[in-house]
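Every read-out reported here was derived from the displayed coordinates using simple, explicitly stated rules and does not represent laboratory data. Worth saying up front: this structure is predicted, and the values here are computed from it rather than measured. Positions of Cβ are generated from backbone atoms using ideal geometry, with glycine treated the same way; all protein chains shown enter the neighbour counts.
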Amino acid sequence: MKRRHIVLVANDVGGVGGMEKHLEEMIARMKQDFAVTVVSSSFRVKDPSGVRFIRIPVVRKPFPLMTAMFSVLASIRLRFLRESIIHTTGAIVFHPADVATIHFCHAGYVHGVTADSRQGKALPQKVNALLSLRIKLYMEKLCYHPRKTAQLVAVSGRVRHELQAFYPYSSEAIEVIPNGVDVARFYPRSAQEKSRLRTVKHLPPDGIYLLFMGGDWERKGLRLLLSAFNVLAGDYSNLRVVVVGSGDAVAFMRTVEPMFRDRIYFAGRQRDPEAWYGLANIFVFPSHYEACSLAVLEAAASGLGLVLTDVGGARDVVDDGASGCIVAPSGAEIARTIAALLDNPVRMQAMGQLARARVESMTWDDTYRRFKALYDRLSPVPEQHAQGSSNEPEGAANHA
């Protein structure tokens, strides 16, 4: 008897990025229970065996053209697939879908984020960002309707609230399934292990390290962290900042007082984030908008002190004052909060332990179990589905 088919549609699968990691983790589990087809422009998972990959060729720049190309070409390709469930990541195709996982609600972002948090870009970048946003808003309006996409999956309660506010879905048609975390890969490190990891990464082995992880630095609040560091650096001579992710390091370094710049380290993109969490003491993430940040889950699993703004997913991990600290998007308040943790290392350690305990049940296995339960509700029984199905992927990944 042929297995039920699932078509996963996403711009990219696998590699660096929260959505890409989410898909890789789900596919690794999903292919044990279903026949899986991936429709994407890239497929960079560690184990592609047993998955049919249909590549959608697109140009990478400019981003608006890439988005439009993928939407058109992927929609055409989906017309030739006779599968039981079509599952998209976001609003990215014109073709109807059964399920869409929402990692970022652009309508909610526009409504909830202040204009000054979207500044800091050169004119061509601003034009590119504006066009991209307009396309995404159009696609959301088109795709997020029960006639077009039957079931939405939000990665946090905040995203679910935004979807209900802007799109015509009942509460039953929007399920919340949070991201997961690999608690074996991300775990607390001893002081000796932290020093060793710093040496391996060519960093000074001593001191207290503040960690920032991610791209899109303006939206994620790196400017606020560096502003707080300027306030703290004079009183805490052993305080350092590590920034992991891509961005304009030269421009952001200019916001740091010259006398303190030798304590700021821009590491760029890294493929071993567990080592960078491992060497840090406090994770600072003053983002202006998030849906359900993987970085927050990974930092919590690593037992770090958490200083976060009240964005999507933060309250799933942080009980303010117990397992972390929720702050306003203000450099001065972030500085006061970090100072309080630095002055009370026992409290900071206890917070890290509580954060770790909080996420130990938020594993990728749990995330997949909830998706499988959703598929089981949506999909017809295998005997019915098998009629006329001709795309049964077996063995190593195929390319079409």
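A few comments on the model shown:
- Among 315-324, 40-49, 256-265, the peptide with the highest mean count of other Cβ atoms within 10 Å heads the list, and the full ranking is 315-324, 40-49, 256-265.
- Pairs from Lys21/Lys372; Lys46/Lys372; Lys21/Lys61; Lys61/Lys372 whose Cα-Cα separation, in the structure shown, is over 27 Å: Lys61/Lys372
- Farthest towards the positive end of the charge dipole of the chain, among the residues Ala355, Val155, Cys143, is the Cα of Cys143, using unit charges on the Cβ of Lys, Arg, Asp and Glu.
- Per residue, the Cα convex hull of region 191-359 amounts to 99 Å³.
- Two-site FRET efficiency, Thr199 against Arg269, from Cβ-Cβ distance with R₀ of 25 Å, rounded to 0.05: 0.75
- Region 39-67-region 327-377 distance, computed between alpha-carbon centres (Å): 32
- Rounded tilt (10° steps) of 123-143 against the dominant C-alpha axis of the chain: 40
- When only the Cβ of Lys, Arg, Asp and Glu is charged (+1, +1, -1, -1), the dipole of the chain relative to its Cα centre reaches about 1000 debye.
- Computed from point charges on the beta carbon alone (+1 for Lys and Arg, -1 for Asp and Glu), the dipole magnitude for region 267-374 about its Cα centre is near 160 Debye.
- About the Cα centre, charge dipole magnitude for region 191-359 (Lys/Arg +1, Asp/Glu -1 at Cβ), debye: 360
- For the chain, the residue among Ala291, Thr37, Ala275 whose Cα projects farthest onto the positive side of the dipole built from Cβ charges is Thr37.
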